[in-house]
Amino acid sequence: MPATVASKEPRPSARDRLLAAADELFYAEGVQSVGIDRIIERAGVAKASLYHSFASKEELVAAYLGGRRARVSGRLMAAIDAAERPREKILAVFAAQAEMAGAPGFRGCAFVAASTEAPQGGLVESATESYRRWIRETFVSLARDAGAAQPELLGRQLHLLYDGVSLGVRLDRETDETALAARSAVELLLDSSLAKPTKRAR
């Protein structure tokens, strides 16, 4: 029988390797703490490859955040789609967040960390604002579908709780306790915001 030739997967492009290195180092150590030379070394590419793919470090950071957004939004939307009822969809967002927060190496929200070190009006600030607007609008849409009398208000309240979970897990290292407290708070908020008016007795 003829020998079977092992198929080789194509090597990731220089751009993909740079993004993978940036994702690992930026998230673990911070955007300002990690220099371009470390990204290049970890990616195993020439410096020219970096500037061929990204015009600046800021552009690389924005691309890194774009990748983070795609993964987080994908997880959240999958959880929302898997739930059947409107109320369950809201709770599913927090359940998915708890799963992500419980993963090894979780260091909080990448957007919060990057934006605290970024100049105002730049690509990083724009990426952060866009991501946060998407989170808030998702909550508002879910609140509207659930029949909230004030979906904008409920959406913002849910967004605040979502932020609090990320910060609480990052600082307190208590994923289960934080997730449980958050779910309890969300349940109370939904009970209040989605309560049906009672009919007056004649």
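Read the figures in this text as sums done on the coordinates, not as results from a lab. Everything numeric in this text was worked out from a predicted model, so none of it was measured. Here the Cβ positions follow ideal geometry from the backbone for every residue, glycine too, while neighbour counts run over all protein chains shown.
Could you tell me the calculated FRET efficiency between E187 and R38, based on Cβ-Cβ distance and R0 = 45 angstrom, to the nearest 0.05? Walk me through the numbers on the way to the answer.
Details: r = 44 Å, r/R0 = 0.99.
Using R0 = 45 Å, I get an efficiency of 0.50.
Return the whole-Å distance between the Cα centroid of region 121-150 and the Cα centroid of region 15-52. Their Cα centres are 30 Å away from one another. Note on the chain: with a GNM built from Cα contacts shorter than 10 Å, the maximum mean-square fluctuation among G105, G66, G30 falls on G105. For Y27, Y64, the sequence from fewest to most other C-beta atoms within 10 Å is Y27, Y64. Potential lengthening of the chain between E88 and A103 amounts to 3.1 nm, from the contour at 0.36 nm per residue minus the alpha-carbon distance.
The angle between the Cα long axis of helix 175-193 and the main principal axis of the chain comes to about 40°, on a 0 to 90 degree scale.
The C-alpha atoms of the chain define a longest principal axis, and helix 123-145 lies at about 30 degrees to it. The angle between the Cα long axis of helix 86-101 and the longest principal axis of the Cα atoms of the chain comes to about 40 degrees, rounded to the nearest 10. Neighbour counting of Cβ atoms within 10 Å sorts the residues M100, M77, fewest neighbours leading, into M77, M100. Computing Kirkwood radius over Cα pairs in Å for the structure here picks out one of [x] 19.2; [y] 18.6; [z] 16.8, namely [x].
Annotation for Y51 and L194: the two label points, set 7 Å from Cα along the Cα-Cβ direction, are 5.5 nm apart.
Once divided by 2.2 N^0.38 Å, the Cα radius of gyration of region 138-181 becomes 1.35.
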